[in-house]
Amino acid sequence: MSEGALSADNMFLIAVFGMASITYALRAGGYWVMGRLTITPRMRRGLEALPGAIIVSTVLPIILQGGLAVGLCLIVAVIVQFKIKKEYVAVFCAAVAAAGLRAAGL
């Protein structure tokens with residue numbers, strides 16, 4: 001290894017700090033921009049719909065790729081979350097459902 005080359009550990013740290021810095025800058029910049037905008041009713045509706053759109057765009061490819069077992073586990077997690085309102089219980093129930101479905105061969 002040449003004297004000026006970075007080790008893998010140093011490259012990892014640079015990557016992590018770089019990503020953290022960019023993430024912070026984007027979040028802080030978003031708050032800065034939103035603090036200077038007048039939020040119209042239309043914009044408010046769009047912002048309120050955004051979390052659901054992000055969840056769907058994240059979960060749908062997982063369901064499509066994972067098949068029936070993954071879809072059923074997500075349904076279990078959603079039902080438990082709505083009934084009990086505790087995320088860790090919903091995740092645990094989905095994991096138990098996944099284990100059961102895998103054992104059943106799905």
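The values are calculated or read from the model by the stated rules, or taken from the named source; none is laboratory data. Keep in mind it's a predicted model, so treat the numbers as computed, not measured. All Cβ positions, even for glycine, are placed from backbone atoms using ideal geometry, and neighbour counts span all protein chains on display. Heads up: the accessible areas ignore ligands, DNA and RNA and are worked out on the full protein's heavy atoms, side chains in. Shrake-Rupley method; radii C 1.70, N 1.55, O 1.52, S 1.80 Å.
So, in the range 1-34, how many residues would count as being surrounded by 10 or more Cβ atoms within 10 Å (Cβ to Cβ) and not in a helix (DSSP H, G or I)?
Total satisfying the criteria: 1.
Filtering the range 35-69 down to residues that are hydroxyl-bearing (S, T, Y) and farther than 30 Å from L101 by Cα, which residue is surrounded by the fewest Cβ atoms within 10 Å (Cβ to Cβ)?
Filtering the range 35-69 for residues hydroxyl-bearing (S, T, Y) gives 38, 40, 57-58.
Checking which are farther than 30 Å from L101 by Cα leaves us with 38, 40.
Details: T38: 5, T40: 9.
Filtering first and then ranking leaves T38.
Restricting attention to the range 79-96, which residues are open to solvent by 90 Å² or more (accessible area, probe 1.4 Å) and touching a residue at least 12 places away in the same chain (Cβ under 8 Å)?
Selection gives V91 alone.
Report every pair of residues separated by at least 6 positions or lying on different chains whose Cβ atoms are under 6 Å apart, first residue within the range 13-31 and at pLDDT below 95, second among the basic types (K, R) and surrounded by 10 or more Cβ atoms within 10 Å (Cβ to Cβ).
No pair meets every condition.
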